[in-house]
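J.: Take a look at the following structure, please.
The values are calculated or read from the model by the stated rules, or taken from the named source; none is laboratory data. This is a predicted model, so every value here is computed, not measured. Every residue, glycine among them, receives a Cβ derived from its backbone with ideal geometry; neighbour counts consider all protein chains shown.
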Amino acid sequence: MTPSTGAPSSGAKPWDVVIIGGGNAGLVAAITARQHGQRVLVVERAPAAMRGGNTRHTRNIRCVHAGADGFTTGSYLADELWRDLCGVGTGPSNERLAELTVRESETVPGWMSDHGVRWQRPLAGTLQLGRTNHFFLGGGKALVNTYHRTVARMGIAVCYGTTVEDLVMDGDRCRGLVTAGGTIGARALVCASGGFEADLAWLRRYWGDAADNFLIRGSPDNDGRVIAALYRHGAASAGEERGFHAVAIDARSPRFDGGIATRLDSVPFGIVVNSGGRRFYDEGEEIWPKRYAIWGRNITEQPGQIAYSLWDAKVQGLFLPPMYDPAEAGSVGELAGMLGLDPTAVAQTVTDFNAAIRPGGTFDPAVLDDCAATGISPPKSHWAQPIDTPPYYGVPMRPGITFTYMGTAVTEQARVLRTDGTTFGNVFAAGEIMSGNILSTGYLAGFGLTIGSVWGRIAGAEAARHAHDG
Amino acid sequence: MMDELIAEAQRQLRICNSCRYCEGYCAVFPALERRTVLEAGDVTSLANLCHDCRACLYACMYAPPHEFAVNPPEILSRVRAATYRAYVPPPPWPAWLRGRSARVSAVIGVTAALLVLVALTEGIDALLRHSGPYQVISYPALLVTVLLPSAWSVAVMLRAVARYWNDTHGSLRGLADLAAWRKALIYAARLSYLRGGGGDCYYPGADPSPARRRLHAAVFYGFAACFAATVAAAFMQDILGIPPPYPLLSAPVILGTAGGLGMIAGCAGLFVLARRSDLAAGAALGAIPEQAPEQAPEQARGAADYGLLIGLGLLAATGLLTLLLRATPAYGPVLITHLATIVVCFCIAPYTRFAHSVYRVLAIVADNIEAARPG
């Protein structure tokens, strides 16, 4: 790894294709454009040690496949992926683009293997994803490192630590990028720079003060600067302003970049109360990983965007151990006090919950079991057991934002659309920046990388094709 | 200091256990996932199970400069070094004899002592004979010279094994698991956990390579071939009644030559890789934090590696020289030097990185026992 840093001199002739962003989508686009014979530059905002954007935190990809292949446990056909996609949130934003993504996903795992990616069996604790998702060996940073080895071998240039502040536009064509180190000339541009979740002020426009309580699970660099620049130059927006993928993470996590280790798996094993000490959502509604994506949004809707997962000694050790020590106490009241909650209110909530449990159920965390708490609002549909065995445990949780959906509208060729209905001549987008074309509100584990890979290939190929149009 | 190391390893491995992305690389992560509480003995066992392939470090989004500062190969190598110190008490010889240069002096000293001994017992002209080893040194004297230090090292290591196993896994009876041993010896012989889960070993730097695994195999199988050469020679002499020296196309000479060359090539290669790795650790990696000088002493990965590599290299080199020069008047002194090298190397083996092989096999055995347990 011998990274060049800073922008290449603007005195040289412009690059055929410049990719903004060195995550999965950007690297796939770069490799594809290079395969089309173009001179390619990847502009990576992070220093080399932190390269790869949110891809660093990924581990699996959801693609259509017929049959088990040693790394997945069975077939996952296009119809089923389409149904799953329709089942989350309010369904796909743009059905044509979503359908294209599903269809094109089938060739992605093979493409990845061809470019050096290695696979592993599904990770412990993620068995429910073992059929629908491919897991790559070592996770996202290993994936990024693998692609970078391919990138280096292919003679693609990479500049690290380079922030794109603006685009140099000439009618409908982009001529270059403005960076602190100077202007970088470009004949075609692929924007693969992620969402805007790291810009809390931007989030505040849609979420108000609640945004102050959001934690950002990924790169602190995803502040949407490129989206804003595209909007300034007339790009059309796609995706919901408040659309994002968020999960429940430990409230003690760092503001940025805490990644997977900070998420909590305790929710279905106990109850969740808000700052008032009351339950507010069915903790046993769905099996992991569907509930995983639901809880981030649940907590954004609670006062102070905080909630507390409580469980007892019976289930301790049955789920992935949290990274930070949970509070531990001999009584529910004492535990509430340690968490800064009203002991009386929490004790009452636990008493009411315990009393509402239907007797005779058989607890089984692996399936939607018949342990339910009914006759209480909200109910707990599965895995309801009395919280009655000390010591009691509790963890504060906040919404952990993974990535935002709102970005630029694109065509089936990944070409960025303008507000007047026309398109830019040579500006393309791939990955999170255009995920709002496909995802509305919900999320499907592993689909972010599917979008990045499918649209990275399309954008890379189209950018290569149109680099010399004008 | 051991407590601090264990505490830091516990902190890092807890993050690993919440993440689990690395579980495809080796046995360390699945073993970690079987535990919700990580005791000091668990950390020691995981540290010795780690083969330092570094795939996890390069795959880790929490590696420095991330604030979580996760670097399992680094902290586990420090725990390993502490294990070696903790389970083999300091050698009974004075401190000034323990350094690398002291070991070289020891070889020279023992050579001189043996030369004097041979001269006194067999007469000075025994040193100039070159028609076989027993013309220089009598068979019983040779046996005693080699077996005494071996017995010493075996005794020291057995004591260490008993204490290590007791601290990490309890009763020694647990070791009587043939299936676990069989698997462990295969895994160790193949260096299965130095393969990065199929992607190979990230050593000495960021690009995976089979170099370390192959060089290690050259040293290990080279040593085994030399051992086999000795056994073959004993067989020819004591069973078949053919006295040395043996012809070029005999089993002892072929095995010894191949083994010796393998060891020299392997040691030299590993030496070069270790030097490059030390550079990588400081520069390109950007991931291994500077160690405080007081934490650095002999455990510094490199220094201990070099000691073992130099020792094995000298063993092989002097052995080959006795073969090469066996028809010349230099044979006697060279044979004596080779013997002295054997004496010193076999005496100090438990105090060098040689011990890693013993603990690592035990850790793999323990892992196999545990993995086979239901639930």
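J.: Would you be able to say whether some residue in region A:369-376 is in the same structural domain as A:Pro92 (by TED's automatic domain parsing), closer than 30 Å to A:Glu283 by Cα, among the small types (Gly, Ala, Ser) and in contact (Cβ under 8 Å) with a residue 12 or more places away in the chain? Full working, then the answer.
T.: Taking region A:369-376 first, the residues in the same structural domain as A:Pro92 (by TED's automatic domain parsing) are none.
No: region A:369-376 contains no residue that is in the same structural domain as A:Pro92 (by TED's automatic domain parsing), closer than 30 Å to A:Glu283 by Cα, among the small types (Gly, Ala, Ser) and in contact (Cβ under 8 Å) with a residue 12 or more places away in the chain.
J.: Any chance you could count how many residues in region B:54-104 are part of a helix (DSSP H, G or I) and within 23 Å of B:Gly24 (Cβ to Cβ)?
T.: Total meeting the criteria: 13.
J.: While we're on this one: Assess whether B:Ala59 counts as being of a type outside the set (Phe, Trp, Tyr), touching a Gly at 6+ places or on another chain (Cβ under 9 Å) and free of Cβ contacts under 8 Å to residues at least 40 places away in the same chain.
T.: Details: of a type outside the set (Phe, Trp, Tyr): yes; touching a Gly at 6+ places or on another chain (Cβ under 9 Å): yes; free of Cβ contacts under 8 Å to residues at least 40 places away in the same chain: yes.
Judged against the criteria, B:Ala59 is a match.
J.: Then there's this: With out of contact with any Pro (no Cβ under 6 Å at 6 or more places or on another chain) and either within 14 Å of chain A (Cβ to nearest Cβ) or more than 23 Å from B:Leu315 (Cβ to Cβ) (or both) as the only criterion, which of B:Ala188, B:Ala217, B:Ala206, B:Ala211 stands out?
T.: Criteria check complete, one pass: B:Ala206.
J.: Given the residues A:Gly70, A:Gly53, which is the only one that is of a type in the set (Gly, Ala, Ser) and under 29 Å from B:Pro65 (Cβ atoms)?
T.: Sole residue among the options that is of a type in the set (Gly, Ala, Ser) and under 29 Å from B:Pro65 (Cβ atoms): A:Gly53.
J.: Just to be sure, is A:Val28 surrounded by 24 or more Cβ atoms within 10 Å (Cβ to Cβ) and aliphatic (A, V, I, L, M)?
T.: yes
J.: Surrounded by fewer than 18 Cβ atoms within 10 Å (Cβ to Cβ), at pLDDT 90 or above and closer than 30 Å to B:Pro72 by Cβ: is that true of B:Pro247 in this structure? Lay out the reasoning, then the answer.
T.: Working: surrounded by fewer than 18 Cβ atoms within 10 Å (Cβ to Cβ): yes; at pLDDT 90 or above: yes; closer than 30 Å to B:Pro72 by Cβ: no.
No, not satisfied.
J.: Which of the residues belonging to region A:325-373 are modelled with pLDDT of 95 or more, under 30 Å from B:Gln12 (Cβ atoms) and not acidic (Asp, Glu)?
T.: Result: A:Pro326, A:Ala327, A:Ala329, A:Leu335, A:Met338, A:Leu339, A:Gly340.
J.: Something else: Can you find a residue that is under 24 Å from A:Tyr405 (Cβ atoms), assigned to a loop (DSSP other than H, G, I, E, B) and more than 14 Å from chain B (Cβ to nearest Cβ) anywhere in region A:47-63?
T.: Yes.
J.: Please state which one of B:Glu33, B:Glu23, B:Glu74 is more than 14 Å from every other protein chain (Cβ to nearest Cβ), within 26 Å of B:Gly198 (Cβ to Cβ) and out of contact with any Ser or Thr (no Cβ under 8 Å at 6 or more places or on another chain).
T.: Unique residue meeting the criteria: B:Glu74.
J.: At least 2 residues that are without any contact (Cβ under 8 Å) to a residue 60 or more places away in the chain and at the interface with chain B (Cβ under 10 Å from one of its Cβ atoms) in each: list the strands (runs of 3 or more DSSP E) lying fully within region A:244-331 that qualify.
T.: No strands (runs of 3 or more DSSP E) qualify here.
J.: Considering only region B:1-20, state which residues are polar (S, T, N, Q) and more than 8 Å from chain A (Cβ to nearest Cβ).
T.: Narrowing region B:1-20 to residues polar (S, T, N, Q): B:10, B:12, B:17-18.
Scanning region B:1-20 gives B:Gln10, B:Gln12.
For every residue, the table says whether it meets (1) within 22 Å of B:His356 (Cα to Cα); (2) within 27 Å of the chain's Cα centre (by Cα); (3) small (Gly, Ala, Ser).
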position	(1), (2), (3)
B:Met1	yes, yes, no
B:Glu4	yes, yes, no
B:Arg14	no, no, no
B:Cys19	no, no, no
B:Cys53	yes, yes, no
B:Val70	no, yes, no
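J.: Next question, about the same structure. Does region B:284-298 include one or more residues that are surrounded by 15 or more Cβ atoms within 10 Å (Cβ to Cβ) and modelled with pLDDT of 50 or more?
T.: No, region B:284-298 has no match at all.
J.: Here is a further query. Output yes when any residue across region B:78-93 is modelled with pLDDT under 95, surrounded by fewer than 22 Cβ atoms within 10 Å (Cβ to Cβ) and more than 18 Å from the chain's Cα centre (by Cα), and no when none is.
T.: Taking every residue of region B:78-93 in turn, at least one turns out to be modelled with pLDDT under 95, surrounded by fewer than 22 Cβ atoms within 10 Å (Cβ to Cβ) and more than 18 Å from the chain's Cα centre (by Cα).
J.: Would you call A:Val28 assigned to a strand (DSSP E or B), modelled with pLDDT of 95 or more and within 30 Å of A:Val102 (Cβ to Cβ)? Walk me through it before giving the result.
T.: On the way: assigned to a strand (DSSP E or B): no; modelled with pLDDT of 95 or more: yes; within 30 Å of A:Val102 (Cβ to Cβ): yes.
No; evaluated as a whole, the condition is false for this residue.
J.: Name the single residue, out of those in region A:107-133 being facing chain B (nearest Cβ under 9 Å) and closer than 18 Å to A:Leu264 by Cβ, that is modelled with the lowest pLDDT.
T.: Among them, the one singled out is A:Gly125.
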